[in-house]
Amino acid sequence: MSEKKKKFKMPSALVILFFLLLFVTVLTYIVPAGKFGTLTLETGQEVADPNQFNFVDQNPVGFLGFWSAFPKGMVDAATVIAFTLIISGSLEVIKKTGVIDIAIYNLSQRFANNGVWVIPILMFVLGAIATFIGTEELSMVYIPIILPLMISLGFNNLTATAVVILSTHIVGVMSSMTNPFNVGVSHQITGLPMFSGVWLRGILFIVLFIICTIYTMRYAKSIQTDPEAATKEAVRIGALKESEANTDDTHEMSKQQKWVGIVAIVLFAVILALVIIQGWGMIEMAGAFVLLGTVAGLVGGMGGDDIVDGFVDGAIGVMSGSILIGVATGISVIMQEAKILDTIVYYFGNFLQNLPLMLSALAIFIFIALFAFFVPSGSGKAVVTMPIISPLARMVGLNQQVSVLGYVLGDGVAKPFYPTSGTFMATLDISKVKWQDWAKFYIPLMIILAIVSIIFIIVAQLINYGPF
C-alpha cells in the first residue's frame, strides 16, 4: 500500500521570515547599490537630499552577513522589543491583582446576549487612541485584555485579533488625524503646517471605522459559538491559559481592586496625554509602564517579589513575539547595509516624474504600499521617501497634502498584511493566530480599503486638498 501524501503545512512565522531574509539577501546581488546625500531640517532631523544621489560600489550581503542580520535586527529593534516586554510585564502585574479577570467576567455577563456590540465600542475607542498618537505597538497591550473578553462571548482568537489590529492599524493609523510618527514627520519634511488637513482625515476615520466594524461584526457572527466551547478551543491552541479559563467564584471587585483599576486607568490616560503634549516616544512610554505596573501592584497589596515575578511572567509570554520583531527588522538591516533602499526610491522618483498628475498621486499610494514590505516603520519610510516624493510632487503639480495622504494610506493598508512588520506579527503571535489564517481574513478587506483609498486620493486632488 502506498503511503498517503503528507498534507502541506504552512510554515511558522519565523520560518516565513527566514525565507524573506534570504530573498532580500539575493536582491542585494541584483539591485544596484546607491546612496542619497543628506540634508538637515530646521527640526534637526537628517533626511535624504533628492538632489544628491550617486550609485556606489555593489555591496552584496555575504554568508556571514546574512546570519548576522538576525542579531543586528534585534539591536536595531531594541526599543520596540523593550517596549513590548515591559508593557506585557506591566499588564501581567495588573492581571495578578484579579482586576482584569473580574472586569472581563462582568463585561461578558452584561453583553452575554448582544456580544457582537462590544466590537464597535472597542474599535472606536482603540481607533481614536491610535489616530491621535499613532502607536500601533499598543496593539500588543490590548490583546491580552480583549482576547479573554471575546472568547468569553463565544468568539475566537481571530475575532479578538481583528478588533485590535483593524482598530489600531487601519481605523487609527490609516486615518492619522494627529499621528506624530507618519503625518507629523511627513508634514515636517514637506513644510506643511503640522497636522493640517485634519478635516478630511477625520472623515476618513469615520469611513474606515464603519467599514472595519461591519466587516468584523459579520465575521464574528459567522463563527460565534457557545462560550464554553470557545474557551476550550482557545486553551487548546494556547491563546488562553488554564488559569484564565477557570474563573474564580468571586466576581465583585474589592475596594482595593477598585483602586487598582482607578490607578491603572488614570496613569494610562496620563501616558496618552503626555504622548500628545510632550511628544513622548516608546522609551518614555515604556518607563511610564514600569511605573504603572509597579504602582498598581503596590496598591493591589503585592510585595516586591510578586511584582517582579509578574513583570517576568508577562515578558516571557511575549518572548516569541519579541523575537519576531527583531528578525523582521533584520530585513531592513540587510537592505541598508547593501545600500539598495535608496536605489529603489531613486528609481521610483524617476518613474513618478514622467506620470500624469492624477496617476502620480495614485503611484505614491501604490509605491508606499509595496515599499512597506521592506520598511514597515511609518516614520522610517517617511524619512527615506518623502524628501524625494515631495519635490517631485511639486514638479508635476501635485499638492503636498495629497502626496502625504497617498503616503499615509499606502502605509496603512499594507502593514497589517506583510509578515515583515514585526509589531503586526508579534500581535498575531500573542493571540496565536497563524499568518495564513489572518491573510485569508484580511485580503478581501484589503481590496476594499485600497478602493476606498484610491477614491479619497482622487477626491483630494479634485478639491485641491491643501493648504498646498
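Quick rundown of the values:
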{"read-out": "Complete set of residues in segment 389-400 that are touching a Gly at 6+ places or on another chain (Cβ under 7 Å) and either at pLDDT below 85 or closer than 21 Å to residue 80 by Cβ (or both)", "value": "392"}
{"read-out": "Residue identified as at pLDDT 90 or above, within 19 Å of residue 438 (Cα to Cα), part of a helix (DSSP H, G or I) and in contact with a helix residue (DSSP H, G or I) (Cβ under 6 Å, 6 or more places away or on another chain) among 126, 147, 122", "value": "147"}
{"read-out": "Single residue of segment 422-460 satisfying the filter (surrounded by 24 or more Cβ atoms within 10 Å (Cβ to Cβ), of a type in the set (Ser, Thr, Tyr) and under 18 Å from residue 410 (Cα atoms)) that is modelled with the lowest pLDDT", "value": "423"}
{"read-out": "Selection from segment 46-76 of residues that are at pLDDT below 90 and either surrounded by 14 or more Cβ atoms within 10 Å (Cβ to Cβ) or closer than 19 Å to residue 26 by Cα (or both)", "value": "47, 48, 49, 50"}
{"read-out": "Enumeration of residues in segment 112-154 that are farther than 30 Å from residue 279 by Cβ, of a type outside the set (Gly, Ala, Ser) and crowded, with 17+ Cβ neighbours inside 10 Å", "value": "116, 118, 119, 120, 147, 148, 149, 150, 151, 153"}
{"read-out": "Residue 166 among the hydrophobic types (A, V, I, L, M, F, W, C) and surrounded by fewer than 24 Cβ atoms within 10 Å (Cβ to Cβ)", "value": "no"}
{"read-out": "Candidates 133, 170, filtered to the one that is closer than 15 Å to residue 416 by Cβ and of a type in the set (Val, Ile, Thr)", "value": "170"}
{"read-out": "Options 39, 107, 85, 91; residue that is surrounded by 14 or more Cβ atoms within 10 Å (Cβ to Cβ), in contact with a strand residue (DSSP E or B) (Cβ under 7 Å, 6 or more places away or on another chain) and farther than 22 Å from residue 374 by Cα", "value": "39"}
{"read-out": "Some residue of segment 401-420 being modelled with pLDDT under 95, under 27 Å from residue 59 (Cβ atoms) and assigned to a helix (DSSP H, G or I)", "value": "no"}
{"read-out": "Selection from segment 401-456 of residues that are of a type in the set (Ser, Thr, Tyr) and more than 14 Å from the chain's Cα centre (by Cα)", "value": "403, 407, 431, 442, 453"}
{"read-out": "Members of segment 288-308 found to be in contact (Cβ under 8 Å) with a residue 24 or more places away in the chain and either under 26 Å from residue 420 (Cβ atoms) or part of a helix (DSSP H, G or I) (or both), listed by number", "value": "289, 290, 291, 292, 293, 294, 295, 296, 297, 299, 306, 307"}
{"read-out": "Within segment 52-108, considering residues that are among the aromatic types (Phe, Trp, Tyr) and assigned to a helix (DSSP H, G or I), the one nearest to residue 240 (Cα to Cα)", "value": "105"}
{"read-out": "Long-range neighbours under 7 Å by Cβ, at least six apart or interchain, first residue closer than 13 Å to residue 337 by Cα within segment 59-76, second in a loop (DSSP other than H, G, I, E, B) and among the polar types (S, T, N, Q)", "value": "60/28; 61/28"}
{"read-out": "Number of the condition not met by residue 155 [criteria: (1) farther than 17 Å from residue 314 by Cβ; (2) of a type outside the set (Lys, Arg); (3) part of a helix (DSSP H, G or I)]", "value": "(3)"}
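For (1) within 18 Å of residue 173 (Cα to Cα); (2) of a type in the set (D, E, K, R); (3) without any contact (Cβ under 8 Å) to a residue 60 or more places away in the chain, each residue gets a yes or a no:
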| site | (1), (2), (3) |
| --- | --- |
| 349 | no, no, no |
| 375 | yes, no, yes |
| 378 | yes, no, no |
| 402 | yes, no, no |
| 413 | yes, no, no |
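The values are calculated or read from the model by the stated rules, or taken from the named source; none is laboratory data. Keep in mind it's a predicted model, so treat the numbers as computed, not measured. Note: ideal-geometry Cβ built from the backbone for every residue, glycine included; neighbour counts use all protein chains shown.
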